[in-house]
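Comments concern the structure below.
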Amino acid sequence: MIEKTAWEKSASAHGTTPSERALASLARKAFLTLWSYPNVFTDEGRANGKGDGKELCDLLVVFGNDVLLFSDKDCVYQTNVDVAVAWPRWYRSAIDKSARQLEGAEKFIRAYPRRIFLDKSCQSPLPISLPDASVARYYLIAVTRGAHFAARQFFGGGSSGSMMLLNELVGKSAHAETPFHIGFPLKSRRFVHVLDEMTVDLLLEELDTVPDFVHYLKKKEEFLQQPGVVVSVPGEEELLARYMSTMSDEEHAFPKTPKGVNFVALPEGDWEVYRASPQWKAKQKANEISYMWDALIEHQSGFIRSGKAITVPWQPSMDGVNHERIVRALAAQPRLARRSLSTDLQVAMHRSDPGRMFARVKMSGRPPDQAFVFLTIPRTEGEDYDTTYRNRRMHALMVYCHAIKDAMPTLMETIGVASEPFSEGVASQDFMHVDLSKMSEEELQAWRKQADELDILRPKTEMKLFRHTEPEFPAPFRFVDSPPSYLGEGGMPMNRAARRQAEREARRRKKGAR
């Protein structure tokens, strides 16, 4: 029996508690196994190489310059005592403790990035490099379970039970006085994303790639940290619905706050409208093909973790860290891009001309700065797979990935995927990531010469360029504009129950005026 590597063992770890296992499962589906690490440790507390390390966090996600730190707490909420007592108690054990743990974890990992391990005996270092502190982006996420049903009872009226977001709350004391509302748990105002058992599921299901999830966290932090603006949101799901239905410069965003406005309140009910809409259902159907891209990444990730990923024979051997960089270029694509990339890959895989290679090239950016090359090459009769065919295929892919810059000088990088076509009955894949940003004219001409020798990338005969933009939804959403305010006595934002009462009274007044 072949012994598993430490990387493989980490990929099969599931957390130590049911809630941690649920979080690890969700994260691996969304972020994929090569970048998700449950229950990592530091070497704090060990002396003379003995003893156990200290747990850093319940889940660590490292993806390029983005680092996500998760804390998971499942704490019992005391429903048999008054909310004025039960809520502060639960808040201290679930949210305050998580926030402080995450703050400490970020401080440690920034200061000692090489002291992070996969095991509590601290024998297996984290297999991929943490980003340099000067470029690293850290996100703190506290998953707190146990108070969801208590929140539903507190707000009443069919509330979803998610906690309201109110950015004017800062520190433990302010939160203790405002049940089931979340602002800034840390007095330093370091942003901590607080999710519960419902909202962590819907977030990781709706934003199930690292770039999609990180972009949401970034935009959420900006929205809730607008200087001088109080923001009140009736639950994380309502914030997500607004984000998914609002576009700015071809990106998801939050509505812009007009100048001079110092209070913003989002309405309740957008999430239900969004999830029940034909647009959402059509999006889910269109996304089905995109999971072929995820499967491709996971397949190659297995070879990287086991140390079996190979390098082209004429290049220096690469370790798992360098192989990870190549596969990360595939995983850096958001869900919408994966949709069209999977379609392009399928087109190439279904194309089978005996004795002829076929390539499909997709470019992105305006002007194009990134290109994907999907290459299929059938084997010829009697051709040895390892010594002849594989080398021929990798050479052709390398030429494509370099010489494509001659056709599009603005390209900065190329990602290549090569395979046998489906008609072969079996298939293996080669992956390549090429930095084109510093290619000299002399190098470009050398690659152009090799392309001519292979009789490929001839613009006048074989290349077809076209622009296609695939919409994420078949039609844009048109939510009703938010009411002008949700303020109660003393100018304080209303909670869910008070909002519903205000809405009912407004409807009665409107009906009586007819």
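The values are calculated or read from the model by the stated rules, or taken from the named source; none is laboratory data. Worth saying up front: this structure is predicted, and the values here are computed from it rather than measured. Note: ideal-geometry Cβ built from the backbone for every residue, glycine included; neighbour counts use all protein chains shown. Just the protein is used for accessible areas: all its heavy atoms, side chains included, with ligands, DNA and RNA removed. Shrake-Rupley method; radii C 1.70, N 1.55, O 1.52, S 1.80 Å.
Just checking, how many residues over the stretch 121-137 are buried (at least 17 other Cβ atoms within 10 Å of the Cβ) and more than 21 Å from the chain's Cα centre (by Cα)?
1
Being assigned to a loop (DSSP other than H, G, I, E, B), over 23 Å from Gln346 (Cα atoms) and in contact with a helix residue (DSSP H, G or I) (Cβ under 8 Å, 6 or more places away or on another chain) is the filter here; which residues of the stretch 361-413 pass it?
Listed by number, the residues that qualify are Glu383, Leu411.
One residue is enough: does the stretch 308-322 have a residue meeting the conditions part of a helix (DSSP H, G or I) and either basic (Lys, Arg) or farther than 30 Å from Glu8 by Cβ (or both)?
No; the residues of the stretch 308-322 include none that is part of a helix (DSSP H, G or I) and either basic (Lys, Arg) or farther than 30 Å from Glu8 by Cβ (or both).
Read through the list (1) modelled with pLDDT under 90; (2) surrounded by 21 or more Cβ atoms within 10 Å (Cβ to Cβ); (3) under 30 Å from Trp280 (Cα atoms), then give the number of the only condition that Gly365 fails.
Failing condition for Gly365: (2).
Only residues that are surrounded by 11 or more Cβ atoms within 10 Å (Cβ to Cβ) and within 16 Å of Thr414 (Cβ to Cβ): list them for the stretch 433-445, please.
Start the filter on the stretch 433-445 by keeping residues that are surrounded by 11 or more Cβ atoms within 10 Å (Cβ to Cβ), which leaves 433-434, 436, 439, 443-445.
Correct list: His433, Val434, Leu436, Met439, Glu443, Leu444.
Select, from Val264, Val327, the only residue that is modelled with pLDDT of 90 or more, outside any helix (DSSP H, G or I) and crowded, with 18+ Cβ neighbours inside 10 Å.
Val264
Report the residue count in the stretch 201-260 for those that are of a type in the set (Lys, Arg) and modelled with pLDDT of 95 or more.
We begin by selecting, within the stretch 201-260, every residue of a type in the set (Lys, Arg); these are 218-220, 242, 256, 259.
Those still in the list that are modelled with pLDDT of 95 or more too: 218-220.
Residues in the stretch 201-260 being of a type in the set (Lys, Arg) and modelled with pLDDT of 95 or more: 3 in total.
Yes or no, residue by residue, for (1) in a loop (DSSP other than H, G, I, E, B); (2) modelled with pLDDT of 90 or more; (3) out of contact with any Leu (no Cβ under 9 Å at 6 or more places or on another chain); (4) closer than 25 Å to Leu296 by Cα:
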position: Lys438; (1), (2), (3), (4): yes, yes, yes, no
position: Asp452; (1), (2), (3), (4): no, yes, yes, no
position: Pro459; (1), (2), (3), (4): yes, no, no, no
position: Met463; (1), (2), (3), (4): yes, no, no, no
position: His468; (1), (2), (3), (4): yes, no, yes, yes
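Any residue at all in the stretch 390-409 that's of a type outside the set (Val, Ile, Thr), under 18 Å from Ser342 (Cα atoms) and in contact (Cβ under 8 Å) with a residue 40 or more places away in the chain?
Within the stretch 390-409, not a single residue is of a type outside the set (Val, Ile, Thr), under 18 Å from Ser342 (Cα atoms) and in contact (Cβ under 8 Å) with a residue 40 or more places away in the chain.
Quick one: how many residues across the stretch 15-40 are more than 22 Å from Ala295 (Cβ to Cβ), crowded, with 19+ Cβ neighbours inside 10 Å and of a type outside the set (A, V, I, L, M, F, W, C)?
3
Identify, please: which residue in the stretch 41-86 is hydrophobic (A, V, I, L, M, F, W, C) and open to solvent by 40 Å² or more (accessible area, probe 1.4 Å) and is, among those, modelled with the lowest pLDDT? Break it down into steps so the answer makes sense when it comes.
Restricting attention to the stretch 41-86, the residues satisfying the condition of being hydrophobic (A, V, I, L, M, F, W, C) are 41, 47, 56-57, 59-63, 67-70, 75-76, 81, 83-86.
Add one more test, that the residue is open to solvent by 40 Å² or more (accessible area, probe 1.4 Å), and what stays is 47, 76, 81, 83-85.
Values: Ala47: 80, Val76: 96, Val81: 94, Val83: 95, Ala84: 95, Val85: 96.
Checking each candidate, the answer is Ala47.
Would you mind finding the one in Asp52, Asp58, Asp82, Asp74 that is in contact with an Asp or Glu (Cβ under 8 Å, 6 or more places away or on another chain) and of a type in the set (Asp, Glu)?
Asp58
When residues of the stretch 135-161 are filtered for being in a strand (DSSP E or B) and either under 22 Å from Gln78 (Cβ atoms) or modelled with pLDDT under 95 (or both), how many remain?
So the answer is 4.
Each row is one residue, and each column tells you yes or no for (1) modelled with pLDDT under 90; (2) among the charged types (D, E, K, R); (3) over 23 Å from Leu207 (Cα atoms); (4) under 22 Å from the mean Cα position of the chain (by Cα).
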| site | (1), (2), (3), (4) |
| --- | --- |
| Glu272 | no, yes, no, no |
| Ile289 | no, no, no, yes |
| Ser306 | yes, no, yes, no |
| Ile310 | yes, no, yes, no |
| His323 | yes, no, yes, yes |
| Pro334 | no, no, no, yes |
| Ala337 | no, no, no, yes |
| Pro354 | yes, no, yes, no |
| Val373 | no, no, yes, no |
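In the stretch 140-150, how many residues are touching a strand residue (DSSP E or B) at 6+ places or on another chain (Cβ under 9 Å) and open to solvent by less than 10 Å² (accessible area, probe 1.4 Å)?
Of the residues in that region, 5 qualify.
Filter the stretch 401-423 down to residues that are under 27 Å from the mean Cα position of the chain (by Cα) and either more than 16 Å from Trp293 (Cα to Cα) or open to solvent by 40 Å² or more (accessible area, probe 1.4 Å) (or both), then give me how many there are.
Residues flagged as under 27 Å from the mean Cα position of the chain (by Cα) and either more than 16 Å from Trp293 (Cα to Cα) or open to solvent by 40 Å² or more (accessible area, probe 1.4 Å) (or both) within the stretch 401-423 amount to 5.
Looking at the stretch 340-355, can you tell me whether even one residue there is touching a His at 6+ places or on another chain (Cβ under 9 Å) and open to solvent by less than 50 Å² (accessible area, probe 1.4 Å)? Lay out the reasoning, then the answer.
Step one: list which residues in the stretch 340-355 are touching a His at 6+ places or on another chain (Cβ under 9 Å), which gives 340.
From the residues that got through so far, the ones that are open to solvent by less than 50 Å² (accessible area, probe 1.4 Å) too are 340.
Yes - at least one qualifying residue is present in the stretch 340-355.
What do you reckon, is Lys285 of a type in the set (Lys, Arg), open to solvent by 50 Å² or more (accessible area, probe 1.4 Å) and over 21 Å from the mean Cα position of the chain (by Cα)?
no
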